[in-house]
Structure formats: C-alpha cells, structure tokens
Amino acid sequence: MQNIAIQVDDLKKSYKKLDVLKGVNLTVEQGSIFALLGSNGAGKTTLVKILTTLLNQDRGTAIVNGFDVASQPAHVRQSLSLTGQFAAVDEMLTGRENLIMVARLRHLTHPRQVADELLTRFGLTEAANRRASTYSGGMRRRLDIAMSLVGKPQILFLDEPTTGLDPEARIEMWKVVKELADGGMTVFLTTQYLDEAEQLADRIAILHEGKIIASGTLMELKKLFPPAEKKYVEKQPTLEEIFLAIIGKKEEQ
Ligand SMILES: Nc1ncnc2c1ncn2[C@@H]1O[C@H](COP(=O)(O)OP(=O)(O)OP(=O)(O)O)[C@@H](O)[C@H]1O
Ligand SMILES: [Mg+2]
C-alpha cells in the first residue's frame, strides 16, 4: 500500500443529533489530485478537519501518509498542510513577513530564503513588501497556498481554494495546483464547482447525505450517465469564455 496517500474506511461523524458523515470510504493515490464535491453543508470541511487531525471522528478509520489520524496525529500533521476555507493570512503583515513567520514557526533554518523562493514561485515578489491587507483576493489566496507549502508537505489539503475568486484568478490557481501535483505532491481539494473538478482532478468523489454516492475518474463518472443527446446547434460560448475574451486572456490548458 505504498502508493496510497489517504485511506478512509467507514468514517462517521455527528454533531449532536446531526449525522454529517454516515460511513465515508475513499482512497487517494500518492501524487494525484483528488476532488471532493458536495453542496453547502454536505460535510466536506468536516471530513477535511478529521483528515488533518483538527477534529476527531466518531467511528471508522482514516490513514494519512501511513499514519492513523486518531492514534498518531502528530505524525499525520508533519506530513500535511491545510489551506482552509478562510484564509490564514495575517493582514497586518507583508507577504514576505507572513512567509517568514510560518518558516520560523516550522523551525526552518533559512526562513528568509524560503520566503523569497516562494514569493518568486507565486509571482508575489513585487508585492512582497506590501501589507497583505492591500492584496487582491487572488493574491491573498496565492500567499495562503505559498504559506502552506513552507516546509514541503507531502499532502496538501485545499478547502474550496477558488471560492470567491474571479475567473482569471481561478485559472491561475488551477495552474498552481497542477504544477504541485506534477511535482509529486498529493492534493486533496474540496469544491462546489463541477468545472473545477473537471479541470483538475484525477479522481472525483461526490459527498451527498453523509456518503460518497459516486467516485471515479471523470470518464468513469460520465459513463454513469446516458450519452448526451446529439443536437446540431451553434455552440454558444460560455460566460467564462466571454469574460476571458473581453479581458483579453486566453484560457491556458
Ligand atoms: N461545530 C459544529 N457544530 C454543529 N454543527 C456543525 C459544526 N460544524 C459543522 N456543522 C454542520 O455540519 C454540516 C456539515 O458542515 P461542513 O462545514 O462540513 O459542510 P461543507 O460541505 O464544508 O459546507 P460548505 O460548502 O458550506 O463549506 C452542516 O450542516 C453544518 O451546519
Ligand atoms: Mg466547507
């Protein structure tokens, strides 16, 4: 089982009388991008919190990077990083200061060097010495992800990484995530956007009413549904294509 990054078996979690996770099973391969889809309140954040040791499950097991989240939380924590649904950036600090702070917290030997490398990689060098409060939503998200990469985690959890971003910033974020996975990192992301999962994920799972109701590659999921009816009509551009054309950006795939 060396190539398994995350293994979840019959995971259950309730908040008092509210049964949120009712027996979740999933497997994530190392170096892949796994997308967990679900509507508001489906339990995505709850599952991410359990996998990142922020919350205890009621029943079932979760193995992350070979360690049990319930009995070996410290080991689990060492191998992962979480970019939560709400950014962890300190608005009063500059981008560089935010990164240096995280590098110091993780006891790295060259915090400034680590910060500068990440600033370059995420295109934030010019804004490095400005307070994060002056950053756009997309820049803040990038800084947030850069902060979570300090210390080179093996698994990156991204809880709704593109919610609230404009289409341009979303595509930029997708590019970053793809590059990380190409570099061998396992990425577990949650999203409410079908197109995001379609663009990014090697495997997709749909969480609904406490269980994974479908999972597989995009092709496998498409096979679950009858083939689309063929109609000979002019293809209308999507709103996203129109938006990008107007602002003069081409979608990079
Ligand atoms: N600490 C808590 N106490 C009680 N109920 C909670 C708690 N945290 C979450 N819930 C409830 O559990 C359910 C699942 O919440 P969760 O945040 O995991 O959903 P989600 O899929 O991440 O939703 P969203 O897409 O809105 O982020 C919701 O009904 C929520 O109200
Ligand atoms: Mg959530």
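None of the figures in this text is laboratory data; all of them are computed from the coordinates on show. Owing to the predicted nature of the structure, the values given are computational and were not obtained by experimental measurement. Cβ atoms come from the backbone with ideal geometry, glycine included; neighbour counts cover every protein chain shown.
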Worksheet item: Using alpha-carbon pairs under 8 Å, 6+ residues apart, how would you state the relative contact order of the chain in percent?
Response: 25
Worksheet, complete the sentence: Counting only DSSP loop positions in region 1-86, the chymotrypsin sites (Phe, Trp or Tyr not before Pro) whose Cβ has at most 13 other Cβ atoms within 10 Å are 86
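Which longest uninterrupted range of the chain lacks any GluC sites (Glu not before Pro) assigned by DSSP to a loop state (not H, G, I, E or B) and surrounded by at most 10 other Cβ atoms within 10 Å? Show your work: numbers first, answer last.
Details: sites that count: 126, 229, 234, 252.
Maximal segment without exposed cleavage sites: 1-125.
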Worksheet item: Given the Cα-Cα distance of residue 4 and residue 168 and 0.36 nm per residue of separation, how much length would full extension add, in nm?
Response: 55.7 nm
Worksheet item: Using alpha carbon centroids, what distance separates region 130-172 and region 188-204, in Å?
Response: 16
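Given 25 °C and 0.890 mPa s, compute D for region 1-125 with the Stokes-Einstein relation, Rh being the Kirkwood radius over Cα pairs; round to the nearest whole µm²/s.
On the way: Rh = 16.6 Å.
This corresponds to a translational diffusion coefficient of 148 µm²/s.
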Fill in: Long-range amide H partners of residue 4 with built H, under 5 Å
30
Discussion item. Students often get this wrong, so check it: of 22/235; 44/178; 12/223; 178/211; 49/175, which have C-alpha atoms separated by over 31 Å?
Written reply: 22/235
Worksheet entry | Ranking of 64, 177, 24 by count of other Cβ atoms within 10 Å, fewest first | 177, 24, 64
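Exposed loop sites here are trypsin sites (Lys or Arg not before Pro) in DSSP loop states with at most 10 other C-beta atoms within 10 Å. What is the longest stretch of the chain lacking them?
Numbers: sites that count: 16, 17, 230, 231, 235, 250.
Answer - 18-229.
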Worksheet item: Roughly what % of DSSP beta bridges within the chain run antiparallel, to the nearest 5?
Response: 55
Fill in: Calculated Rg and Dmax of region 20-77 using C-alpha coordinates, Å
11.5, 31
Worksheet item: Across the Cα atoms of region 114-195, what radius of gyration and what greatest pairwise Cα-Cα distance (Dmax) are found, in Å?
Response: 12.5, 36
Worksheet, complete the sentence: Diffing region 8-21: the Karplus 3J(HN,Hα) column from phi (6.51, -1.76, 1.60, θ = phi - 60°), in whole Hz with x for Gly and Pro, holds 10, 10, 6, 6, 10, 8, 10, 9, 6, 8, 8, 7, 8, 10
Worksheet item: Bin by bin, in steps of 5 Å, what percent of the Cα pairs in region 93-241 do you find, going until the bin that has the longest distance?
Response: 2, 8, 15, 17, 18, 13, 10, 7, 5, 3, 2, 1, 0
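For n ≥ 4 DSSP H runs only, could you compute -39500 (n - 2.57) per run for the chain, divide by its residues and tell me the 222 nm figure to the nearest 500? Could you put the intermediate results ahead of the total?
On the way: 9 runs with 86 residues, N = 253.
Calculated from helices alone, the mean residue ellipticity at 222 nm is -10000 deg cm²/dmol.
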Practice prompt. With just the Cα atoms of the chain, tell me how far they stretch along each of the three principal axes, in Å, largest first.
Written response: 55, 53, 36
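What is the local net charge at residue 14, summed over the other residues whose Cβ is closer than 13 Å to its Cβ (Lys, Arg +1; Asp, Glu -1)? Intermediate results must be reported in sequence, preceding the final value.
Working: positive: 12, 13, 16, 17, 22, 59; negative: 19, 58.
Result for the local shell: +4.
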Discussion item. Taking the number of other C-beta atoms within 10 Å as the exposure measure, put 232, 135 in order starting with the fewest.
Written reply: 232, 135
